[in-house]
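**Student:** Handing you this structure, nothing more for now.
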């Protein structure tokens, strides 16, 4: 029987040597992550970290104006919440599932023990934390951009973490993600659709001309993507599902 899910679908877990992954496998729990699910609330103590496989999670902060602002998104290139490993606690943010899918959950104390042992896992998590810091800095720069530019950057960053060119989300949800009024998002999306950059239909947004988005978003996105690729680009397994199955058999002796 072919395994439908694999921890190797997360890029950090994908590059771990078999012996490192085998130590984690008994503690990695597959979890369904539906759109809009809140996996962390401000002020709540968290003891779990998530390795996204096919989903994307976003870290949000509430502003005095009542409008939330996304400061980062994490897909299968990383882990949420790395602050538990580096600082022992997490900043007061809301972490929500931005794009549905699934991932793998693990207790922070278990991952921290493996992290402190060094090895490839430690190296990859430190590289990811560097990339995440760069993304957070870029979100500050985006604050002075137009809604249209924010929307283009959001679509591009989301597609970079998905396997296709379509996203399931409403204008209201997008407005929360980029910190703009819903009316402004709808107007900007209409412009992009008329110009042939996207197609929007019943909660489904499809990018049909990526270059039009890239031309509008400015240099910030391109610089961030280049640095992300430099920090996180690794040789993936040719078949992560098959490789994971082999590791599981080895781990359990069958």
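The values are calculated or read from the model by the stated rules, or taken from the named source; none is laboratory data. Nothing here was measured: the structure is a model prediction, and the numbers come from that model. Reconstructed Cβ throughout: ideal geometry from the backbone, glycine too, with neighbour counts over all protein chains shown.
**Student:** Could you check the range 153-236 for helices (runs of 4 or more DSSP H) lying wholly inside it with 1 or more residues that are farther than 30 Å from residue 122 by Cβ and touching a residue at least 40 places away in the same chain (Cβ under 8 Å)?
**Tutor:** By residue number, 171-178, 182-194, 210-217.
**Student:** Right, here's the next one. Determine whether residue 77 is under 15 Å from the mean Cα position of the chain (by Cα) and under 28 Å from residue 189 (Cα atoms).
**Tutor:** Against the criterion (under 15 Å from the mean Cα position of the chain (by Cα) and under 28 Å from residue 189 (Cα atoms)), residue 77 qualifies.
**Student:** Tell me, please, whether a residue that is touching a strand residue (DSSP E or B) at 6+ places or on another chain (Cβ under 6 Å), in contact (Cβ under 8 Å) with a residue 24 or more places away in the chain and more than 24 Å from residue 198 (Cα to Cα) can be found in the range 118-131.
**Tutor:** no
**Student:** Another question, if that's okay. Residues in the range 80-95: is at least one modelled with pLDDT of 90 or more, out of contact with any helix residue (DSSP H, G or I) (no Cβ under 7 Å at 6 or more places or on another chain) and part of a helix (DSSP H, G or I)?
**Tutor:** No, the range 80-95 contains no residue that is modelled with pLDDT of 90 or more, out of contact with any helix residue (DSSP H, G or I) (no Cβ under 7 Å at 6 or more places or on another chain) and part of a helix (DSSP H, G or I).
**Student:** Continuing with the same structure: Of the residues 61, 50, which single one is assigned to a strand (DSSP E or B), at pLDDT 95 or above and either loosely packed, with under 15 Cβ neighbours inside 10 Å or under 20 Å from the mean Cα position of the chain (by Cα) (or both)?
**Tutor:** 50
**Student:** Considering 213, 231, which residue is modelled with pLDDT of 50 or more, surrounded by 17 or more Cβ atoms within 10 Å (Cβ to Cβ), closer than 27 Å to residue 151 by Cβ and within 18 Å of the chain's Cα centre (by Cα)?
**Tutor:** 231
**Student:** Before we move on, is residue 188 crowded, with 20+ Cβ neighbours inside 10 Å, farther than 26 Å from residue 133 by Cβ and at pLDDT 90 or above?
**Tutor:** yes
**Student:** What residue, of 183, 172, is exposed (fewer than 15 other Cβ atoms within 10 Å of the Cβ) and modelled with pLDDT of 90 or more?
**Tutor:** When all the criteria are applied, what remains is 183.
**Student:** Continuing with this model, one more query. When the range 102-121 is examined, which residues are found to be touching a helix residue (DSSP H, G or I) at 6+ places or on another chain (Cβ under 7 Å) and at positive phi?
**Tutor:** Listed by number, the list holds a single entry, 119.
**Student:** Which of the residues spanning the range 11-26 are part of a helix (DSSP H, G or I) and exposed (fewer than 15 other Cβ atoms within 10 Å of the Cβ)?
**Tutor:** Scanning the range 11-26 gives 18, 19, 26.
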